[in-house]
Amino acid sequence: MAERDNRRGRRDRDETPEFADRLVAINRVSKTVKGGKRFGFAALVVVGDQKGRVGFGKGKAKEVPEAIRKATEQAKRQMIRVPLREGRTLHHDIEGRHGAGKVVMRTAPEGTGIIAGGPMRAVFEMLGIKDVVSKSLGSANPYNMIRATIDGLQKEASPRMIAQRRGKKVADILGAKSEAPAAAEAEDA
């Protein structure tokens, strides 16, 4: 029993430094009760390993640090993996939607940087994307913007994933390399 606790404790220590977190929004919420108002706090946090994994969570509590802790725990449980091209940008342009929030994300050449507004920027930074151009259309609500961004990122597909789904080689999917041999065969005929 003690060995299992040690292993579990060691795993927790190892996981903590690999994830970075970013507080996106903190909101004071109130509940009206018989004696007056009770105030609490709602926190929205984005967590990522900056190598292609990202998640978001929200937490509510009477105190700010506790709300942030709850949000961070939830974010770690809901992480998704996103394939990145060259570890710095998206493979293709994507649109994401959630409620009234709509976001457009485009690949960008090296050196562009992260061109994105508030909550979207936090998601890209935690994901490890270095170059992206994005625009938020519709809702400016941070919750909906983050959910729309995550929705779009879940649609992201790498050439390897598409090749595997179609039962082809990656070179066939990319097309550029497969056109050269086809042109050589046409000249021989």
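The values are calculated or read from the model by the stated rules, or taken from the named source; none is laboratory data. Because the structure is a prediction, the values reported are computed rather than measured. Using ideal geometry, Cβ is built from the backbone for each residue, glycine included, and neighbour counts are taken over all protein chains shown. In case anyone asks, the SASA skips ligands and DNA or RNA and just uses the protein heavy atoms, side chains included. Shrake-Rupley method; radii C 1.70, N 1.55, O 1.52, S 1.80 Å.
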Carbon/sulfur fraction of accessible area - the range 111-151, other protein chains in place, 1.4 Å, %: 59 percent
Which lysines does Lys102 reach when only Cα atoms under 26 Å apart count, and residues fewer than 8 places away in its own chain are ignored? Lys51, Lys58, Lys60, Lys76, Lys130, Lys135, Lys155
Once you place label points 7 Å from the Cα toward the Cβ at Phe39 and Arg166, how far apart are they in nm? 5.8 nm
Any chance you could run the full-extension gain for Lys60 through Lys155? It's 0.36 nm times the residue separation minus the Cα-Cα distance, nm to one decimal. 31.2 nm
Along each principal axis of its Cα atoms, how long is the range 86-145 end to end? Whole angstroms, biggest number first, please. 32, 19, 14
